[in-house]
Amino acid sequence: MPNPDGLNLKAFLREIRRLDSEARLRAAEAQIEELEQRLAELSVLDPVTGLPNHRRFSDRLGQALLMAQRHRGTLGVLHLDLDRFKRVNDLVGHAAGDEVLREVSRRLQGALRQGDTLACVGGGRFQALLPELTGALGATRAAQKLLEALQEPFQAGTREIPLSASIGVCVFPQDGMDVEELTAHAETAMYRARERGGGRIECFTATLNRDSLERQELEQCLREALRNGEFQMYYQPQFFMDGRLAGAEALLRWNHPMLGPVPPSKFIPLAEESHLILPIGEWALREACRQMALWQPQWLAVSPEPLILAVNVSALQFTQSDWDLCVVRALADSGLEVEQLELELTESLIMRQGQEDLLPLRRLREIGTRIAIDDFGTGYSSLGYLQRLPITTLKLDQSFIASLQSDPPERASEHIVRAVIQLAHSLGLTVVAEGVETEGQRDLLELLGCDCLQGYLLGRPLPADGFEALLQAMTARGFLAGQGGAEPVPLRPPRSA
Ligand code: C2E
Ligand code: CA
Ligand code: CA
C-alpha cells in the first residue's frame, strides 16, 4: 500500500480504484453465485406449488433406493392424478386453478409423514416417496390417507369444487428395482385406477404391466386406424311402436387388418384417454351425417317424416370449446336437416356439467337439433334436474329392459320403467327403449306407453349397405307412415356384427 503522504498520489488513486473494482467484482461474483443457486433450486421446484418437481423427486428416490438396498428395506412410490383436473382450469380459470393446486398440495403434505417426499410433476399430478416402509400395506394406507385428505370440497373463488384422485401404488423391491421402473409402474397403476372410474387406489401387479403394454400397442394401432380407413359406421334401426322405421343410431366399428374387429367397449375408452376420440368422433359424426343425408330423399318419397340419425358424443368431444360449431359444420357440409340429428350424451356425462357447461347444448337445441340422454336410469338424475335440461329424448338403459320381467316380480324393473315413461311424457320427451331382445319385452313396453324401440329383436347394427337394403325392403313394401296394413315389427334384417 503506497504512503498517502507520499508524492505518488496518482498511483495511490489507481490502487484505490483497483481495490474498489475488485470489491465490486467480488460482490458481483457473490451475487451471481447466489442467483445460480437460486436458479438451481428453482429448476427442481414446481413453479405453482413450490413442491419438488420430477427431477428432485428422481434424485431423492435414487438416494432412498441406495439406502433401501443397503439395509434391505422397503419403500413405496405413489402416483396421484387429480381426476378431470383440466376441467377445473377450464371452469374457474388458471389463476384460481393454481390456488386449488396449492391447497391440494398443502392437504397432501399434511397427510404424509415427515420423512416422506411429495412432488408435483405437472398440472394436477403428484408423486410421493415413502421411505422406510414396514411393508407393502403401509403404502396403500398412505394412499388411503391422501384420498381422505381430498374429501372436503375445494374453494375456487366463489365456487366449491369437489375433487377426487386416482392413485397408483408401487413398492420396492417387489414391483421395480430402479427409479424409472418404480415411477413408470406407479403411473401404470394410476391409469388402472382412473380407468375404473377414479377416486380409488390401485396397486401395481405384473398383470397390470402386461395389460399396459397391450394397451400401448393398441393405442399405436388406433393412431393409424383413421388414416388407414379402418373405421366404419354401422346403423342400428329404431322403430316406432306401430312398426314404422323412426331412424337409426350410428355406431362405430373398428376392423384392424391383423387384430380383426375390435369391440367399441375396448377401443372407445382408449380413444378417450389418448384424446384420439376427437378426430375419430368427428369423423364418425361427419360420415354418419353424409350417409343419412344420402338416404333421406329415397325415404321421404314414401314417408312424410324424415329418418332421425342418432350419433354418440363422448365426454371429451363435448368439453371442446368449438364442439357445437363442429356439429353445425357437419350438418352444413352434409346437407342433413338440423331436426334429423339427435346427439346422444350419457346421463353421467350430463350430470357432471354445470349450467354454463350446457350452453353449447342449449345453442344446438335452439337451432333444432334433437338431444338424447343415453343410458338413462344409471345416473340417478333428479326430476327437477331433467326439467332444466335442453333435451328431447330419454334412452332407457338396457339394464332396465333386460330386467323388465325378472323373477321374482318385486325385482322386476317394470314399475321404474312405467314411472320414467310417465315422467318423460309429462316433460314432453320421447322415450326410446334400448336393448329390446324379446317379444315379451316389446309387448310390455307397448303397454307402458314407450315411444320407440331399439334392439336385437328388431334389428342389429348394420353396415351402410345392409341398412340400405332394409330401407329398400321397407319402401318397396309400401311401408307408409300411419297407413294400416303394413307388416308390423318384428322385422329381422340379416344378422351382422
Ligand atoms: P351405446 O351408445 O349404449 O350403444 C348401444 C350398444 O348396445 C351398442 O353396442 C349396440 O350394438 C348394443 N345393442 C343394441 N341392441 C342390443 C340388444 O338388443 N342387446 C344387447 N345386448 N346389446 C344391444 P356397441 O355398438 O358395441 O357400442 C358400445 C358403446 O360404444 C356404445 O354404447 C357407445 O357408448 C360407444 N360407441 C359406439 N359408437 C360410438 C361412437 O361413434 N362415438 C362414441 N363416442 N361412442 C360410441
Ligand atoms: Ca348410444
Ligand atoms: Ca345406451
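The values are calculated or read from the model by the stated rules, or taken from the named source; none is laboratory data. In this text, all values refer to a predicted model and were calculated from it rather than measured experimentally. All Cβ positions, even for glycine, are placed from backbone atoms using ideal geometry, and neighbour counts span all protein chains on display. Remember, those area values only see protein heavy atoms, side chains included, never the ligands or the DNA or RNA. Shrake-Rupley method; radii C 1.70, N 1.55, O 1.52, S 1.80 Å.
Side notes on the structure shown:
- Ranking 317, 274, 461 by how far each Cα lies toward the positive end of the dipole of the chain (charges on Cβ) leaves 274 at the top.
- Note on residue 145: accessible area is roughly 100 Å² with a 1.4 Å probe, heavy atoms of protein only.
- For residue 256, the residues whose amide H sits under 5 Å from its own are 262, ignoring neighbours fewer than 5 places away on the same chain, with H placed 1.01 Å from N.
- Interchain or long-range residues, amide H under 5 Å from residue 455's placed H: 435, 436
- Rounded to the nearest 10 square angstrom, residue 439 shows an accessible area of 80 square angstrom against a 1.4 Å probe.
- FRET efficiency, 1/(1 + (r/R0)^6) with R0 41 Å, evaluated for residue 71 and residue 99 via beta carbons: 0.50
- Spin-label model distance (nm) - residue 31 vs residue 385, 7 Å beyond Cα toward Cβ: 6.0 nm
- Spin-label pair residue 300-residue 159: with each label point 7 Å from Cα along the Cα-Cβ axis, the two points sit 4.2 nm from one another.
- As a fraction of the 1.4 Å probe accessible area of the chain, surface on carbon and sulfur atoms comes out at 52 percent.
- Whole-Hz ³J(HN,Hα) from phi, Karplus 6.51 cos²θ - 1.76 cosθ + 1.60, for segment 157-167, glycine and proline x: x, 8, 9, 9, 10, x, 10, 9, 9, 10, 10
- In order along segment 436-448, phi translates into HN-Hα couplings of 6, 10, 10, 4, x, 4, 4, 4, 5, 4, 5, 4, 7 Hz, rounded to whole numbers, per the Karplus curve 6.51 cos²θ - 1.76 cosθ + 1.60 with θ = phi - 60° and x for Gly and Pro.
- Basic side chains Lys and Arg get +1 at the Cβ, acidic Asp and Glu get -1 at the Cβ, and with that the dipole of the chain about its Cα centre reaches some 940 debye.
- Area accessible to solvent at residue 203, 1.4 Å probe radius, in Å²: 60 Å²
- Amide H contacts of residue 341 (H built 1.01 Å from N, under 5 Å, at least 5 apart or other chain): 309, 370
- Residue 39-residue 367 FRET efficiency (beta carbon distance; Förster radius 60 Å; 0.05 resolution): 0.65
- Computed from Cα atoms, the angle from the helix 94-111 axis to the main principal axis of the chain rounds to 70 degrees.
- Taking one quarter of the surface of the C-alpha convex hull of the chain gives a mean projected area of 36.5 nm².
- Gyration tensor (alpha-carbon) shape descriptor, segment 216-485, a/c threshold 1.5: rounded
- Here the Karplus curve 6.51 cos²θ - 1.76 cosθ + 1.60, taken at θ = phi - 60°, turns the phi angles of segment 344-353 into couplings of 9, 10, 6, 4, 5, 5, 4, 5, 6, 8 Hz, with x standing for Gly and Pro.
- Solvent-accessible ranking of 351, 177, largest area first, probe 1.4 Å: 177, 351
- Per-residue ellipticity at 222 nm, computed for the chain from helices alone with -39500 (n - 2.57) per DSSP H run of at least four residues, works out to -15000 deg cm²/dmol.
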